[in-house]
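Worksheet for the structure shown next.
The values are calculated or read from the model by the stated rules, or taken from the named source; none is laboratory data. Just so we're clear, the structure is a prediction, and the values are computed from it rather than from any experiment. Cβ placement follows ideal geometry from the backbone for every residue including glycine, while neighbour counts extend to all protein chains displayed. All accessible areas refer to the heavy atoms of the entire protein, side chains included, with ligands and DNA or RNA removed. Shrake-Rupley method; radii C 1.70, N 1.55, O 1.52, S 1.80 Å.
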Amino acid sequence: QVQLVESGGGLVQPGGSLRLSCAASGVVFRNYAMGWYRQPPGKQRELVAEITAGAVRNYAGSVEGRFTISRDNARNTVYLQMNSLKPEDTAVYYCNANGQRGNYWGQGTLVTVSS
């Protein structure tokens, strides 16, 4: 059974930082591309950042230079370091695992950027 469990969301002031974590189980983690997506209130889900099995990174233009995705294959965990947060970063953030054996989602973690 595949599980992706996100953590690290919460309330932060504009300009602040958060680090999201996603722990995976039930998959051969190193073989999967991992991604972070977000869904702002009333909007569609969108890609934030992704990292391939070979550690190639890709970012949405709106977060380039502020967010960093990384993975620790020994811990089966992917991270999203978010700096210089803005109110428009407010969303539910979802972890995604994409590989030959399937595409999987976590349950999401809420990030609220507000003063």
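With a probe of 1.4 Å, find how much accessible area the stretch 1-69 has per residue, and write the answer as a whole number in Å².
Details: 3720 Å² over 69 residues.
Ligands and nucleic acids excluded, the figure is 54 Å² per residue.
Set Lys and Arg Cβ to +1 and Asp and Glu Cβ to -1, take the dipole of the chain about its Cα centre, and tell me which of 91, 1, 109 lies farthest positive.
1
Could you check the simple spin-label distance between residue 25 and residue 103, using points 7 Å along Cα→Cβ, in nm with one decimal?
That separation, rounded to one decimal, is 2.6 nm.
What size of dipole, in debye to the nearest 20, comes out for the chain about its Cα centre when the only charges are +1 on Lys and Arg C-beta atoms and -1 on Asp and Glu C-beta atoms?
That gives the chain a dipole magnitude of about 160 debye.
Per the 1.4 Å probe, what fraction of the accessible area of the chain, in percent, lies on carbon and sulfur atoms?
Numbers: 2720 of 6110 Å².
Carbon and sulfur together cover 44 percent of it.
Using 1/(1 + (r/R0)^6) with R0 = 22 angstrom and r between the beta carbons of residue 83 and residue 60, what's the FRET efficiency to the nearest 0.05?
Taking R0 as 22 Å, the efficiency between residue 83 and residue 60 is 0.90.
Can you work out the PRE-style zone for residue 17? Point 7 Å along Cα to Cβ, and I want the residues of the stretch 55-71 with backbone N under 18 Å.
The answer is 63-71.
With Rg and the Kirkwood Rh both taken from Cα atoms, where does Rg over Rh land for the stretch 48-109?
Values: Rg = 12.3 Å, Rh = 12.8 Å.
Value, to two decimals: 0.96.
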